[in-house]
Structure formats: C-alpha cells, structure tokens
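Read through the structure below, which is laid out as structure tokens, and then see the notes.
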Amino acid sequence: MQLNYFENSISLLKRWLTVGLLCALAFVSQGAFFSTPALAADLGNQVQQQTRETAGQAKDLIRNTADRVERTANKNAGKVDRATDYNSPIERKAKSDRDFIEKRAEEDADRTERAVDETKNVIERAVDNIKDAFN
C-alpha cells in the first residue's frame, strides 16, 4: 500500500524549508543586510525556531494520518467480522490485512518522521554555519 499522502507532505515540507534556507542565504550574501553579528544571530535563531515549529507540525500531521489509516483498517476488519461466520477464511484474511496495514502505517510514519528530523537538522546546521560566519 503506497501512502502518497506521507510522501506529498514531506515533499511540501522540504520545499518550504529549502525556500526558507535559500532566502536566508540570499540575505547573507547581501552583506549590507546584516550590519551586526547580533542581527545575524537573531535572524538565525528565528529561522531555527520556525524550522522546529514546522517540523513539529509536520510530525503531528504524519502521526494523525497514520492513526486515521489504522482506524480505517480496524473499521473495515470489524465490518467483515460482523458479516461473516466465526473464524471464516475471509475473516482471517481481513484481520491479516488489517494487521499488515497497521504495521505499514507505523513503518511509513516512522520513516517519514525520521526524514523530517533529518531535514530539520540539516537546516539548523546550515543556519549555525551562517551565524558562525558572522562571528
């Protein structure tokens, strides 16, 4: 089962973070914008804080989506359970599918959250390097 929703969410997050980083780099390259190292440090701290907030929101979205997928799988397995006789092959298959879907949803959510963390860390390191250049 492909979870394109996860992939689209992380892709959108990466684009916004990249745009923010490029804007910060553009301001840095315009030496006149940063007249003091304190201003550069303050702006860098703001960028890092915004990156952390955005990453947190993205991880919440990822977790909510995984929970919705799991709830839907449980609901569908429950419908099959109610519609079939006790322990029929169809019921066993529905429960097996439910377990597989839940497992994949958790794996995909964890993988996507790790990607968000890695992207956040890359941006924070880049901002730290920029701040260090002005000190």
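Every read-out reported here was derived from the displayed coordinates using simple, explicitly stated rules and does not represent laboratory data. Please read all numbers here as calculations on a predicted model, not as lab measurements. Cβ placement follows ideal geometry from the backbone for every residue including glycine, while neighbour counts extend to all protein chains displayed.
Counting charges near GLU113 (Lys, Arg +1; Asp, Glu -1) among other residues having Cβ under 9 Å from its Cβ returns a value of +2.
Show me 116-123, 49-56 ranked by packing, highest mean number of other Cβ atoms within 10 Å first. Don't jump to the answer; show the numbers that get you there.
Details: 116-123: 16.8, 49-56: 14.9.
In decreasing order of mean packing, 116-123, 49-56 become 116-123, 49-56.
Straight-line reach from LYS95: taking Cα to Cα under 16 Å and skipping same-chain neighbours fewer than 8 places apart, the lysines in range are LYS75, LYS79, LYS103. Between ASN74 and TRP16, residue separation times 0.36 nm minus the direct Cα-Cα distance comes to 17.4 nm.
Which whole-number percent of Cα pairs in region 44-121 have a distance greater than 17 Å?
Numbers: 1683 of 3003 pairs.
Every Cα pair in region 44-121 considered, those over 17 Å come to 56 percent.
Summing +1 for each Lys or Arg and -1 for each Asp or Glu, what net charge is found among the other residues whose Cβ lies under 14 Å from the Cβ of ILE130?
Details: positive: ARG125, LYS131; negative: ASP42, GLU124, ASP128, ASP132.
Spelling it out: positives minus negatives among the neighbours equals -2.
Were the residues from ASP117 through ASP99 laid out at 0.36 nm apart, the gain over their Cα-Cα distance would be 3.8 nm.
Where does each of 100-106, 81-87 land if you order them by average Cβ count within 10 Å, highest first?
Numbers: 100-106: 16.0, 81-87: 10.4.
Going by the mean number of other Cβ atoms within 10 Å, highest first, we get 100-106, 81-87.
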